[in-house]
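Pasting a structure here, questions to come.
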Amino acid sequence: MSCFCFVILHYQTVEDTIDCVNSILLNITDTEYEVIIVDNGSPNKSGAVLAETFKTNPKIKLIFSETNLGFTAGNNLGFEYAKKELNADFIALINNDTIIPQSDFVKLVVKKHNEMPFDILGPDIVTFKGRHQSPVFNKMSNLQVVDKYIRFYRKILLLNYLGLDNILERIKKFFVPVSSLHLENIKTEQDSTTEQKGVMLHGSALIFSKSYIDKYDGLYPGPFMYGEEAILDFISKRDNLSVLFYPEIKIIHKDDSATDTLFRKPLKKRRFYLKNFLKSSGILQLLMKEQ
């Protein structure tokens with residue numbers, strides 16, 4: 001029997017995490033699985049609330065980090081436990097602000113893998129407003145484009161520090177016209193209704209099979225938050241991994257609840273995004289240059 005593990009990264013928003021875990025416990029009742037919750041150094045002590053809430057459920061394991069490790073390292077903490085302690089055959093990294101609506105979620109993943117072996121699978125991720133988030137258009141698909149984005153966002157970050165945040169969106173099209181990034185003939189709206197191979201997947205829900213688990217210890221280390229999807233897409237293509245978008249599997253995404261609670265002011269939230277996007281882009285740039 002396959003060992004299927006859900007890894008849920010928790011940071012502060014305890015109601016979201018409880019809703020996410022309960023959606024698994026209440027909906028998936030006829031399949032064996034494990035749930036690993038990683039408390040990512042939540043300063044509001046909400047990890048203790050989760051420990052008390054789920055203390056009698058043997059399916060649930062809580063891991064506590066003393067500090068906020070960020071999205072990548074936090075998820076990798078849970079990934080490592082699932083791999084080394086539970087010998088997982090499948091690991092689903094899902095955001096804590098997601099809901100699993102299907103009773104046969106796990107069975108569908110296993111069945112699809114038996115029919116069409118994959119390294120990474122992405123479900124159809126739907127927001128409360130009905131927007132489909134996966135697959136994702138990869139705007140960072142080559143080194144030339146990555147270089148341009150890094151130069152552009154450095155300028156934007158400087159303007160942010162100068163308090164000119166209100167004009168950033170208005171000037172963006174003048175700094176980086178679409179044609180200069182060689183994207184003018186590329187369709188950026190992705191098809192979320194059909195099964196697709198080799199596409200970039202949204203990072204709020206990623207399912208890894210044993211073939212990936214045996215090769216890697218999680219997501220590529222380095223990024224704190226943002227940009228992980230483009231790095232994973234690059235590594236998947238570099239290492240000839242099988243990536244599949246499978247819309248028969250569904251997940252509901254509330255979207256950005258943790259960062260919304262962390263930053264009440266738009267200026268600081270945008271600065272956080274820009275700084276971490278630049279860090280991730282620099283890592284992707286180095287990987288592309290090494291290749």
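The values are calculated or read from the model by the stated rules, or taken from the named source; none is laboratory data. Remember, predicted model here, so these are calculated numbers, not experimental data. Because the Cβ atoms are built from the backbone with ideal geometry, glycine has one as well, and the counts that use them run over all protein chains shown.
Can F118 be described as part of a loop (DSSP other than H, G, I, E, B), under 20 Å from the mean Cα position of the chain (by Cα) and buried (at least 20 other Cβ atoms within 10 Å of the Cβ)?
When the stated conditions are applied, F118 passes them.
Do we have any residue at all in the stretch 33-49 that's touching a strand residue (DSSP E or B) at 6+ places or on another chain (Cβ under 7 Å), of a type in the set (A, V, I, L, M) and farther than 24 Å from D104 by Cα?
Yes, because at least one residue in the stretch 33-49 is touching a strand residue (DSSP E or B) at 6+ places or on another chain (Cβ under 7 Å), of a type in the set (A, V, I, L, M) and farther than 24 Å from D104 by Cα.
Can you find, within the stretch 92-103, the residue that is surrounded by the most Cβ atoms within 10 Å (Cβ to Cβ) among those that are in contact with a His (Cβ under 7 Å, 6 or more places away or on another chain) and assigned to a loop (DSSP other than H, G, I, E, B)?
Here the residue is N96.
Among the numbered criteria (1) surrounded by fewer than 19 Cβ atoms within 10 Å (Cβ to Cβ); (2) at pLDDT below 85, which single criterion is violated by D214?
(2)
Can you name the condition, by its number, that G222 falls short on among (1) farther than 22 Å from Y149 by Cβ; (2) at pLDDT 90 or above; (3) of a type outside the set (S, T, Y)?
(1)
Further question: Which condition number does F118 fail, the rest of (1) in contact with a Leu (Cβ under 6 Å, 6 or more places away or on another chain); (2) closer than 27 Å to M288 by Cβ; (3) at pLDDT below 95; (4) not aliphatic (A, V, I, L, M) being met?
Status for F118: all satisfied but (3).
Just give me the residues in the stretch 198-253 being closer than 19 Å to V106 by Cβ and aliphatic (A, V, I, L, M), in sequence order.
L201, A205, L206, I207, I213, L244, I249, I251, I252
Which residue is farthest from the chain's Cα centre (by Cα), if the candidates are limited to the stretch 195-240 and must be closer than 27 Å to L274 by Cα and of a type in the set (F, W, Y)?
F234
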